[in-house]
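Okay, so here's the structure we're looking at.
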Amino acid sequence: MISAFELAHGRLRQIQVDAIEDLRQCRPVWVDLVDASDEERNWVLEVFGLDLPEEDEVGDIEASARFFEKDVENGDELHIRSDFFREEEHGGDNVRVAFILKNSVLFSAHAEDLPQFRLLRLRARRQPDYVEDEKDILLEMFAADAEYSADVLEGIYKRLDDFSEKVLGTHITDESAGDVLANIAREEDLNGHIRRNLMDTRRAASFLLRNKLLNAEQNEDVRQILRDIDSLDGHTAFLFEKLNFLMDATVGFININQNKIVKIFSVASVALLPPTLIASIYGMNFRAFPELDWAYGYPFSIMLMLISVVIPFWLFRRKGWLR
């Protein structure tokens, strides 16, 4: 799918592209390609002279392949490969986006639509003079990515508060502790994806700043984005520490519960030693047994074994060893 955007009265106006003629007739400042087909790629090549990268090229993690300038006959091309974070129902993922600046037009190619792009389109349609050129659009995408990551981090922190109440507030069972550990693992993975995404956004913004491709106002915008990323980086580190603390606390409570079970079995085995000793004595096959011909020998031995069980359990309970 291709969407073209024109600047009209300081706002972005979206043009749905269904045929190559739609691209020829518009004057876009941004062309967004979401899971584009080969035919749509050929439209871009024919109209703008731009050969879009293949999916395996977009996924290259080498720094030299992710940020570079290319001289072609029809004008310079600035290529940037950047990750954008997307939160899902059971975790998160980093989606690679290829940006190309050519002839005052920003081209973006990615496999799936992203919330950062939707946020940018909404703001640029409603707020006048929100963006002025293709580089402003690129910078606002990076700013929206940092803002989106901050919202996800805030959600993680709120969920960790709920986990803290479960782990530290009341008695926790092994089953609920297992659920908490699974949730903590999910949040840790989510936090890791955000940290990786922020690192990638910092690299892209630093590349733009280092290569002196922006004007003074845009350079200040990049510095503000980098400051936001630095603050979010510290927050991800704090969340990692909190996640590790909750995980250690949960595992500790599981060990305590298991130790209680082992303690009960140990106390029970000790309490059963006296009746076992009595039964062993009366089970010996000696001919000269004083109680052998005693009519009350059997009930006496049973009563003696019961007393030998009750007394240790009473002592252990009084000392609190059975709790």
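Once the stretch 175-282 is represented by equal point scatterers at the alpha-carbon sites, with solvent omitted, what log10 I(q)/I(0) does the Debye formula produce at q = 0.18 Å⁻¹?
-0.92
Using all Cα-Cα distances in the chain, what percent lands in each 20 angstrom bin from 0 up to the longest?
Each 20 Å bin holds this share of Cα pairs: 24, 35, 17, 12, 10, 3.
Which of ILE156, LEU114, GLY252 sits farthest toward the positive end of the charge dipole of the stretch 2-256, with +1 on the Cβ of Lys and Arg and -1 on the Cβ of Asp and Glu?
Toward the positive end, the furthest listed residue is ILE156.
Mind counting lysine pairs for me in the chain? Cα separation below 23 Å, and the two need to be 8 or more apart along the chain or on different chains.
Summing the qualifying lysine pairs gives 12.
Of ALA177, HIS90, ASN219, which is farthest towards the positive pole of the chain's charge dipole, taken about the Cα centre with +1 and -1 on the beta-carbons of Lys, Arg and Asp, Glu respectively?
Of the listed residues, the answer is ALA177.
Report the residue, chosen from GLY91, GLY49, GLY297, that carries the largest GNM mean-square fluctuation when the chain is represented by alpha-carbon nodes joined by springs under 10 Å.
GLY297
How high is the relative contact order of the stretch 71-224, given as a whole-number percent (alpha carbon pairs under 8 Å, six or more residues apart)?
Numbers: 140 pairs, mean separation 37.5, N = 154.
That works out to 24 percent.
Rounded, prolate or oblate: which one fits the stretch 272-319, using the alpha carbon gyration tensor with axes a ≥ b ≥ c (rounded when a/c is under 1.5, else prolate when a/b beats b/c, else oblate)? Before the final figure, lay out each step's value.
Working: a/c = 4.69, a/b = 2.28, b/c = 2.06.
Prolate is the answer for the stretch 272-319, as a/c is 1.5 or above and a/b outweighs b/c.
Over the chain, what is the relative contact order in whole percent, taking alpha-carbon pairs under 8 Å and six or more residues apart?
Values: 371 pairs, mean separation 44.5, N = 323.
So the answer I get is 14 percent.
Using unit Cβ charges (K, R positive; D, E negative) and no other charged atoms, how large, in debye to the nearest 20, is the dipole of the chain about its Cα centre?
Numbers: 37 positive and 59 negative charges, 568 e Å.
The dipole of the chain has a size of about 2720 debye.
How large is the helix-only mean residue ellipticity at 222 nm for the chain, computed as the sum of -39500 (n - 2.57) over DSSP H runs with n ≥ 4, divided by its residue count, in deg cm²/dmol to the nearest 500? If you can, show how the numbers build up before the last one.
Working: 10 runs with 194 residues, N = 323.
It lands at -20500 deg cm²/dmol.
For the ranges 41-48, 266-273, what's the packing order if you count other beta-carbon atoms within 10 Å of each residue, average per peptide, and put the highest first? Before the final figure, lay out each step's value.
Numbers: 41-48: 17.0, 266-273: 14.0.
Most protected by this proxy first, the peptides run 41-48, 266-273.
Readers should treat all values here as calculations from the given coordinates under stated rules, not as data from a laboratory. Note that the coordinates shown come from a computational prediction; the quantities given were computed from them, not determined experimentally. Positions of Cβ are backbone-derived with ideal geometry, glycine not excepted, and every protein chain shown enters the neighbour counts.
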